[in-house]
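**Student:** Handing you a structure now.
The values are calculated or read from the model by the stated rules, or taken from the named source; none is laboratory data. What you see is a predicted model; the values in this text were computed from it and never measured. As a convention, Cβ positions derive from the backbone with ideal geometry for all residues, glycine included, and neighbour counts pool all protein chains shown. To get the accessible areas, we keep the full protein, side chains included, count just its heavy atoms, and leave off ligands, DNA and RNA. Shrake-Rupley method; radii C 1.70, N 1.55, O 1.52, S 1.80 Å.
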Amino acid sequence: MDHALTEARDAAARGEVPVGAVLVLDGQVVASAGNETKALNDPTAHAEMLAIRRACAALGTDRLISADLYVTLEPCPMCAAAIANARVARLYFGASDPKSGGVLQGPKVFDHPQCHHKPEVYDGLAEDESATLLRDFFEAKRR
């Protein structure tokens, strides 16, 4: 999770919403990313999406079976659907997202009957630090 927090801090330094993601397979980091929606002019360039894309490219596969994904914020519905489609085995996230989350909040994508894969979900990892990064980022934007 420390690596994901570093990615989130780096994203904030670039003016992006501070979310970081790291994909791990067999104890090794395969890919990591921070949000890049502004840099890429791409609303789908969330940290999770980028980490999944990079991991699939690095491994030459469209499935990340037995992989772990660490994210600083609860994934949105779009990212949750990508996690399910990639068949990520375990999802670990920090801060919950009552406004835009799609895992334990809102549509609860993994619980939907049309979701073909449900990863194991572990929430609350480095929750305070993840939430503080987001809170500080948005407070600075409002000044």
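**Student:** Across region 113-122, what is the number of residues that are under 23 Å from S66 (Cβ atoms) and assigned to a loop (DSSP other than H, G, I, E, B)?
**Tutor:** Selection size over region 113-122: 5.
**Student:** Within region 74-99, which residues are closer than 24 Å to D136 by Cβ and either of a type in the set (F, W, Y) or touching a strand residue (DSSP E or B) at 6+ places or on another chain (Cβ under 9 Å) (or both)? Please lay out each step first, then the result.
**Tutor:** Taking region 74-99 as the starting set, the residues that turn out to be closer than 24 Å to D136 by Cβ are 74-76, 79, 92-99.
Residues satisfying the conditions are E74, P75, C79, Y92, F93, G94, A95, S96, D97.
**Student:** What is the one condition in (1) open to solvent by less than 50 Å² (accessible area, probe 1.4 Å); (2) under 17 Å from E7 (Cβ atoms); (3) out of contact with any Leu (no Cβ under 9 Å at 6 or more places or on another chain) that L134 does not satisfy?
**Tutor:** (3)
**Student:** For D123, state whether it is closer than 10 Å to E74 by Cβ, among the acidic types (D, E) and at pLDDT 95 or above. Walk me through how you get there before you give the answer.
**Tutor:** Working: closer than 10 Å to E74 by Cβ: yes; among the acidic types (D, E): yes; at pLDDT 95 or above: yes.
The answer is yes for D123.
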